[in-house]
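The structure that follows is given in the form of structure tokens.
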Amino acid sequence: MTLVQLRHFLALADTRSFRRAAEASFLTQPALSRSIKALEDELGQPLFDRVGWTTELTPFGRELLGRARRLVDEADSMKEAAQRLGQGLAGTLRVGLGSGPGAVLTVPVLAHVATRLPGVRIEFARGGITLLKHALRERRLDALVIDARSLDPAPDLNVEPVGELRGAFLCRPDHPLVRRRRPPTFDEVARYPIASSPLSAEIARLLVERYGPQAHPDECVRLRSDEIAPLVQVALHTDAVLLAIRRAAPELVELELAPRLDANARFGLVTLAGRAEAHLLPMLRAMVATHLRD
């Protein structure tokens, strides 16, 4: 039996007329009769009694009517859901975020979904790169947005460059270093607690190249957290200096060190290679393109 046959069955049950049912189904009467006869043959019992010019359901037909209607309604609902999923208007998206993307993307993406996509559910996960990769490979996450340079190449991962943000040393507006007439050196900055989220090996190399071995994060960072937001609050209320992407802390001011840092974080959208991507990923790409840039 097919959904088409069930639709013909419902059309005839509703109209009680082969002529009207055929018109409603855009069929000829003989074609409708063949469809009903094939369904009756498969079920092994007649569904309709032909009484003069009218058609009535048999007791067996009445028993099946509700089930047929539920099946057709469910199929229609499934088709509508598939269309909404395909259009990015429904479904669930589960995304792992690194510290930088988490600080920049979390609020605007959640606000976008809350105000414009009532049929969409979005879930953000935070954590170290190793944990996020494991969750992606286990299909507990649909994608990651992380510092691409912190990810070792792997044949099962597809990394799509999605944005680049400038890094900086940041502090509160009335910090003692801000009141200086000349740019501070790294050694002068290091007299204060330096705060940072985990940094890639590439950024660590660049720090050492600019300011010497004492600038390696393992040496100079005293306050470390996977989340940038609490580090921003610490920098706002203490003399701590935050090393982070500039976009993550608009309330802080940038210190122009001598020499300049000139470091950018490069972010990637990571998915499993060779797998169909989540229907809502285009929405995430658009939001990333909007917000992961200076």
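None of the figures in this text is laboratory data; all of them are computed from the coordinates on show. This structure is a prediction, so every number in the text was calculated from the model and none was measured. Note that each Cβ is placed from the backbone with ideal geometry, even for glycine, and that neighbours are counted across all protein chains shown.
When the Cα atoms of segment 3-86 are enclosed in a convex hull and the volume is divided per residue, what value in Å³ results? Working shown, then result.
Working: hull volume 8.0 nm³, N = 84.
Enclosed volume per residue, from the Cα hull, is 95 Å³.
Let me have the 222 nm mean residue ellipticity of the chain computed from DSSP H runs of 4+ only, each contributing -39500 (n - 2.57), with the sum over all residues rounded to the nearest 500. Walk me through the numbers on the way to the answer.
Values: 11 runs with 130 residues, N = 294.
My calculation for the chain gives -13500 deg cm²/dmol from helical runs alone.
Quick check: net charge around Pro46, other residues with Cβ under 13 Å of its Cβ, Lys/Arg +1 and Asp/Glu -1?
Numbers: positive: Lys37, Arg50, Arg62; negative: Glu40, Asp41, Glu42, Asp49, Glu56, Glu63.
Within the 13 Å Cβ shell, the charges total -3.
For Arg16 and Thr92, calculate 0.36 nm times their separation in residues minus their Cα-Cα distance, and state this gained length in nm to one decimal.
On the way: separation 76, 0.36 × 76 = 27.36 nm, distance 4.32 nm.
That works out to 23.0 nm of additional length.
Using DSSP to call loops (not H, G, I, E or B), can you name the GluC sites (Glu not before Pro) in segment 175-265 whose Cβ has at most 15 other Cβ atoms within 10 angstrom? Please list the in-between numbers first.
Details: sites: Glu188, Glu202, Glu209, Glu219, Glu227, Glu251, Glu254, Glu256; in loops: Glu227, Glu251, Glu256.
Here the GluC sites (Glu not before Pro) that fit, given the DSSP loop and packing criteria, are Glu227, Glu251, Glu256.
Putting +1 on Lys and Arg Cβ atoms and -1 on Asp and Glu Cβ atoms, find which of Ile194, Leu12, Gly268 reaches farthest to the positive end of the dipole of the chain.
Leu12
According to a simple spin-label model (label point 7 Å from Cα along Cα-to-Cβ), what is the distance in nm between Gln214 and Ala135?
About 3.9 nm separates the two model spin labels.
If packing is taken as the average count of other Cβ atoms within 10 Å, what order do 143-152, 55-64 fall into, highest mean first? Mind dumping the intermediate values first?
On the way: 143-152: 21.0, 55-64: 15.2.
Per-residue Cβ counts within 10 Å, averaged per peptide and sorted highest first, yield 143-152, 55-64.
How far apart, in nm, are the 7 Å Cα→Cβ label points at Arg34 and Asp226?
Computed distance between label sites Arg34 and Asp226 equals 6.4 nm.
So, one more: Over segment 217-294, what is the relative contact order in percent, taking alpha-carbon pairs closer than 8 angstrom and at least six residues apart?
Working: 22 pairs, mean separation 15.9, N = 78.
Here the relative contact order equals 20 percent.
Return a whole-number percent for the relative contact order of segment 167-262, with Cα pairs under 8 Å and 6 or more residues apart as the contact set.
Numbers: 152 pairs, mean separation 49.7, N = 96.
Answer for segment 167-262 is 52 percent.
Additional query: For the chain, what percent of Cα pairs sit more than 33 Å apart?
Numbers: 20854 of 43071 pairs.
Roughly 48 percent, rounded to a whole number.
With the contact rule set at Cα under 8 Å and sequence spacing of 6 or more, what percent relative contact order holds for the chain?
On the way: 467 pairs, mean separation 65.8, N = 294.
Averaging sequence separation for qualifying contacts and normalising by length gives 22 percent for the chain.
Relative to the longest principal axis of the chain, what angle (0 to 90°, nearest 10) does the C-alpha long axis of helix 201-211 take?
That helix lies at roughly 20 degrees to the long axis.
May I pose another question? Please say if segment 167-262 is rounded, prolate or oblate, where rounded means a/c under 1.5 for a ≥ b ≥ c the square roots of the C-alpha gyration tensor eigenvalues, and otherwise the choice is prolate for a/b larger than b/c and oblate otherwise?
Oblate, because a/c is 1.5 or more while a/b does not exceed b/c.
Compute a Gaussian network model of the chain, connecting alpha carbons closer than 10 Å, and tell me which residue from Val270, Val104, Val189 fluctuates the most.
Answer for the Gaussian network model of the chain: Val189.
Answer rounded, prolate or oblate for segment 254-294, using the Cα gyration tensor with square roots of eigenvalues a ≥ b ≥ c: rounded when a/c is under 1.5, else prolate when a/b is larger than b/c, else oblate.
Note, shape of segment 254-294 comes out oblate.
Same structure again: Give the distance, in whole Å, between the Cα centre of segment 1-37 and the Cα centre of segment 152-177.
63 Å
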